[in-house]
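Below: the structure, in structure tokens.
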Amino acid sequence: QVQLVESGGGLVQAGGSLRLSCAASGRTFSSYGMGWFRQAPGKEREFVAAISWTGENIDYADSVKGRFTISRDNAKNTVSLQMNSLKPEDTAVYYCGATLQRYANSRLFYKYWGQGTQVTVSS
């Protein structure tokens, strides 16, 4: 079992940057593909970025390509999301997820979720 705790959210102006972190418990972190998803009010949770067990495979939603970077540190049991050039439409609660798949861009494959961290981008 994996427990996930996100941090790093906050309020930022458009064009600014934030770095989200997700700390995972358990000794099998490197066995999980990891992903970031987000959910805006009244919308479904949507895929943002995913990274495979060893970090060799990475996928991004088209809406964040070139602006966001996902990374992981298996020695520290963490996965991060560097978000640059933020836009108001990036405003959402961001969730970290763990999947037994190598990596996945569908929330249906994710077994464990964190509690989420709020990101608000003002115009």
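The values are calculated or read from the model by the stated rules, or taken from the named source; none is laboratory data. Predicted, not measured: the structure shown is a model, and the values here were computed from it. Ideal geometry is used to build each Cβ from the backbone, glycine not excepted, and the neighbour counts take in all protein chains shown. Accessible surface areas use protein heavy atoms only, side chains included; no ligands, DNA or RNA. Shrake-Rupley method; radii C 1.70, N 1.55, O 1.52, S 1.80 Å.
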Q: Within the stretch 83-102, track down each residue that is polar (S, T, N, Q) and open to solvent by less than 50 Å² (accessible area, probe 1.4 Å).
A: 91, 99
(Q) Quick test of your reading of the structure: residue 64 fulfils all but one of (1) part of a loop (DSSP other than H, G, I, E, B); (2) surrounded by fewer than 17 Cβ atoms within 10 Å (Cβ to Cβ). Name the failing condition by number. (A) (2)
Q | Enumeration of residues in the stretch 17-61 that are part of a strand (DSSP E or B), open to solvent by 20 Å² or more (accessible area, probe 1.4 Å) and among the charged types (D, E, K, R) | A | 19, 46, 59
Q. Out of all the residues in the stretch 83-106, which are modelled with pLDDT of 95 or more and either basic (Lys, Arg) or over 18 Å from residue 32 (Cα atoms) (or both)?
A. 83, 84, 85, 86, 87, 88, 89, 90, 91, 92, 93, 94
Q: Test residue 17 against the stated conditions and say whether it is more than 13 Å from the chain's Cα centre (by Cα) and modelled with pLDDT under 95.
A: no
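Of the residues that sit in the stretch 1-11 and are open to solvent by less than 20 Å² (accessible area, probe 1.4 Å) and outside any loop (DSSP other than H, G, I, E, B), which one is nearest to residue 111 (Cα to Cα)? Walk me through how you get there before you give the answer.
Filtering the stretch 1-11 for residues open to solvent by less than 20 Å² (accessible area, probe 1.4 Å) gives 2, 4, 6.
Still in the list and also outside any loop (DSSP other than H, G, I, E, B): 4, 6.
Working: 4: 11, 6: 16 Å.
Among those residues, the one meeting the criterion is 4.
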